[in-house]
Amino acid sequence: MIRTQARTRKRGMLSYKTRKRLVPFFYVAPATFLFCLLMLFPMITVLRYSLMDGAITKKDAAFVGLQNYVTIFNDPVFWQSVGQTLYFTVMSVIFHLLIGLAFALLLNSQRVDPLIRSILRVLYIMPWLFTAVIIAIIWRLLLDPNGVINSILMTLHIINFKVEWFSSTKTALHALTFANIWAGYPLYMVSLLAGLQGIPKDLYEAAGIDGANEFQKFRYITIPQLMPIIISIALLDFIWTMQVFPLVWMTTGGGPIYATEVLSTYTYKLAFSSYEFSRASASAIFILIISMGATYFYIKHQKAR
């Protein structure tokens, strides 16, 4: 009974109004705790490592300020990986959009038989079902010097020798980008197809009455209606492609001679091949800053909607 009275007095310390205000915080507390534990804490740890000399490998690692950033900025391989990452990312985003939009328009066209559209929908979405490991194996086999691609090109007399697509410094980055484009366009196709099916037909009928041709309908109705979707998925795709690691690692490993080195493989090699965890942390923070820049524009665009 004494305990019950004590509990009653304790509950009385907070007014009903205060307890009501605290309820939303209790609801978000588990998610906030997990975010701090799984996201914020590792980010702060990596940032701290980037400011230390010999993080993890030395027992008494010293604070060196921005020295690790200066070191990686003076590394020509780092800037080569930055340029190749931007090429890989920008080309992937552009061709994801173009191929995804073309396939979405095809699947939304009433001129194509419904049965054929259903079959094409299954075929076009298949690359999205494969994991990065399977995609890497498929393209390593297809682009092997003795593979199908070389055989077809030689039969058509487009090339007269066996190209080593992933082993040549001239073709490796382009081949890798092509494989990533093939793997990533279904996201755009599905999103844009849903957007196309949501455009009111009245707009096209009104444009037709006004004398607009098909190209004008596409330019002044379809593209403006799809623009919010295009901007959203393009920004997300940019962030995701910037961080692609499995496909690069399992096809070329960043080689030959750094020809396909991107920021993710550069950072991985620093950490787990050279055991330079401090410099790897500095490189990871650089990737984080670029990704946060794209995230800022994405959030700003979402708020504007």
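The values are calculated or read from the model by the stated rules, or taken from the named source; none is laboratory data. Since we're looking at a predicted model, the values are computed, not measured. Don't worry about glycine lacking a Cβ; one is built from the backbone with ideal geometry, like all the others, and counts go over all protein chains shown. The area values use the complete protein model at the heavy-atom level, side chains included, leaving out ligands, DNA and RNA. Shrake-Rupley method; radii C 1.70, N 1.55, O 1.52, S 1.80 Å.
Worth pointing out:
- Set 298, 220: member being touching a residue at least 40 places away in the same chain (Cβ under 8 Å) and in a helix (DSSP H, G or I): 298
- All positions within the range 100-124 that are of a type in the set (Val, Ile, Thr) and open to solvent by less than 50 Å² (accessible area, probe 1.4 Å): 112
- Residue check for residue 177: open to solvent by less than 20 Å² (accessible area, probe 1.4 Å) and not charged (D, E, K, R): yes
- Selection count where residues are touching a residue at least 12 places away in the same chain (Cβ under 8 Å), within 22 Å of residue 125 (Cα to Cα) and among the aliphatic types (A, V, I, L, M), scope the range 139-182: 6
- For residue 214: the one exception among (1) under 28 Å from residue 266 (Cβ atoms); (2) open to solvent by 60 Å² or more (accessible area, probe 1.4 Å); (3) at pLDDT below 90: (1)
- Being under 20 Å from residue 183 (Cα atoms), of a type in the set (S, T, N, Q) and buried (at least 21 other Cβ atoms within 10 Å of the Cβ) holds for only one residue in 267, 260, and it is 260.
- All positions within the range 45-65 that are open to solvent by 20 Å² or more (accessible area, probe 1.4 Å), under 30 Å from residue 236 (Cα atoms) and either small (Gly, Ala, Ser) or not in a helix (DSSP H, G or I) (or both): 51
- Where a residue in the range 227-244 is assigned to a helix (DSSP H, G or I) and its partner, wherever it lies, is among the polar types (S, T, N, Q) and open to solvent by 40 Å² or more (accessible area, probe 1.4 Å), with Cβ under 9 Å and at least six apart: 232/302; 235/295; 239/295
- Test: residue 194 is under 29 Å from residue 295 (Cα atoms) and either surrounded by fewer than 16 Cβ atoms within 10 Å (Cβ to Cβ) or touching a Lys or Arg at 6+ places or on another chain (Cβ under 9 Å) (or both): yes
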